[in-house]
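A.B. asks: Submitted below is the structure of interest, expressed as structure tokens.
Computed from the coordinates by the stated procedures, all read-outs in this text should not be read as laboratory data. Please read these numbers as outputs of a predicted model, since none were measured by experiment. Ideal geometry is used to build each Cβ from the backbone, glycine not excepted, and the neighbour counts take in all protein chains shown.
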Amino acid sequence: MDPQPAQTYIVRIWWEQTPDGEGRAWRASLTEVHSKERRYFKSPEDLMRYLSRRSGEPPAQT
């Protein structure tokens, strides 16, 4: 897969209270600056997988 041209993103990261009120859950949004397209993620891994696909690079193995 050929790499995509350079992209500029705004990343927002926050914690949300879980529905049961017992804990917190990680959340993030990613806004592509040029198109204003916004995506939401429920985990750091989901965000990184998306960015890896967009960049044309395979995700890092942990």
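A.B. asks: Taking Cα pairs under 8 Å and at least six residues apart, what relative contact order does the stretch 9-55 come out at, in percent?
C.D. replies: It comes to 29 percent, rounded to a whole number.
A.B. asks: Another question about this same structure. Provide TRP14, TRP26 in ascending order of the number of other Cβ atoms located within 10 Å of each residue's Cβ, fewest first.
C.D. replies: Listed from fewest to most nearby Cβ atoms, that is TRP14, TRP26.
A.B. asks: What are the ³J(HN,Hα) values, in whole Hz, obtained from phi via the Karplus relation 6.51 cos²θ - 1.76 cosθ + 1.60 with θ = phi - 60°, for each residue of the stretch 35-40 in sequence order, with x given for Gly and Pro?
C.D. replies: Result, rounded to whole Hz: 8, 6, 5, 10, 10, 10.
A.B. asks: What are the ³J(HN,Hα) couplings of the stretch 44-49, residue after residue, when phi is run through the Karplus curve with 6.51, -1.76, 1.60 and θ = phi - 60°? Round to Hz, x for glycine and proline.
C.D. replies: Going residue by residue, I get x, 5, 4, 4, 5, 4 Hz, with x marking Gly and Pro.
A.B. asks: Can I ask one more? In what sequence do GLU22, GLU16 fall when counting other Cβ within 10 Å, fewest first?
C.D. replies: GLU22, GLU16
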